[in-house]
Amino acid sequence: MDAAILLQGNWQFRVEHKGIKIYSSYLKGSDVLGFKGEAEFNVSMRKLISLFHDMSSYQRWVYQLAEIDVLEKNNGVEFVLRQVINTPWPLPKREVILRSGLEPAGENAVAITMTGEPDYLPQNPRYYRVHHSRGMWVFEPTGHNQVHITFMMHLDPGRDVPPPVSNAGMFDVPFHTMNNLRNLLNNESYNPPYPKEIEEYISIVEDVPDKL
């Protein structure tokens, strides 16, 4: 799994705000930094998984997301998503195509992996197609309705964005995305349906078993 490289990065702590810790790491072969955000959320694993399967809500929490389309769905655990990300004028919006999968990530934890598939669709001249993107969300229950969330991503926005410019704005993405995510999860009126079909492929553990 290509995104697993992110887990092995030499992460450097940068800042903490509102309980969200942000790290950065250089990846071999790129001048663009990868980022990692970590936080503890008061939420059930089932609601968290349900939110990530509710693609219609993504614009409510993914930072600067302008458009999203589900291009492919396989058994409820693998999707191909097309996302369009806003960029400052006069740069064209970024178009990102990601294959997303749900899989175990160690004891009681699950991961949503994201691997770029830039050639999945023909180029759209209205947007700049992102050619290098990979990432991962990891959800680890730490107590009753408590989950440790890790969000890692490396995305090269393209040659028209110099690496120093990209790196300067890098911390906005994990912070605002995770903060928006937390706000939506805390909204009692938001109750997305739980995708029961995933139980055929992965077991969701709500609470951490007592340790002797």
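Quick one: pull the percentage of alpha-carbon pairs in the chain with a separation above 33 Å.
12
What distance in nm separates the simple spin-label points at ASN191 and HIS131, each placed 7 Å from Cα in the Cβ direction?
About 4.8 nm separates the two model spin labels.
Could you tell me which residue out of VAL173, ILE202, PHE151 lies farthest along the dipole of the stretch 149-206 toward its positive end? Charges go on the beta carbon: Lys and Arg +1, Asp and Glu -1, centred on the Cα centre.
About the Cα centre, the residue reaching furthest to the positive side is VAL173.
Most mobile of GLU38, GLU117, GLU107 per a Gaussian network model of the chain (Cα springs, under 10 Å)?
GLU107
Going through the cross-link list LYS47/LYS93; LYS18/LYS73; LYS18/LYS93; LYS47/LYS196, which pairs have a Cα-Cα distance over 23 Å in this structure?
Check vs 23 Å cut-off fails for LYS47/LYS93; LYS18/LYS73; LYS18/LYS93.
Which of GLU199, GLU40, GLU140 moves most in a GNM of the chain, Cα contacts under 10 Å?
Taking springs between Cα atoms under 10 Å, the residue moving most is GLU199.
Counting only C-alpha contacts under 8 Å and six or more residues apart, can you give the relative contact order of the stretch 4-187 as a whole percent?
Working: 375 pairs, mean separation 44.7, N = 184.
With pairs under 8 Å counted, the relative contact order is 24 percent.
Taking the Cβ of VAL77 as the centre, find all other residues whose Cβ is under 14 Å away and add up their charges (Lys, Arg: +1; Asp, Glu: -1). Each step should come with its number before you reach the end.
On the way: positive: LYS73, ARG99, LYS196; negative: GLU72, GLU78, GLU103, GLU197, GLU199, GLU200.
That sum, taken over residues with Cβ under 14 Å, equals -3.
Under a Cβ-only charge scheme (Lys and Arg +1, Asp and Glu -1), can you give me the dipole magnitude of the chain about the Cα centre, in debye to the nearest 20?
Dipole about the Cα centre, nearest 20: 660 debye.
Of the DSSP beta bridges with both residues in the chain, give the percent that are antiparallel, rounding to the nearest 5.
Counting DSSP beta bridges with both partners in the chain, the antiparallel share is about 95 percent.
Got a sec? Charge dipole of the stretch 4-187, +1 on Cβ for Lys and Arg, -1 for Asp and Glu; which of ASN42, GLY29, ASN187 is way out at the positive end?
ASN187
Taking the Cα centroid of the stretch 66-109 and of the stretch 130-144, what is the distance between the two, rounded to the nearest whole Å?
Taking the Cα centre of the stretch 130-144 as reference, the centre of the stretch 66-109 is 12 Å away.
When the chain is treated as a GNM, springs tying every alpha-carbon pair under 10 Å, which of GLY106, GLY116, GLY34 comes out with the largest mean-square fluctuation?
Answer for the Gaussian network model of the chain: GLY106.
Only the coordinates and a few stated rules stand behind these numbers; no lab work does. Not measured: the values here are computed from a predicted model. We place every Cβ from the backbone using ideal geometry, glycine too, and count neighbours over all the protein chains shown.
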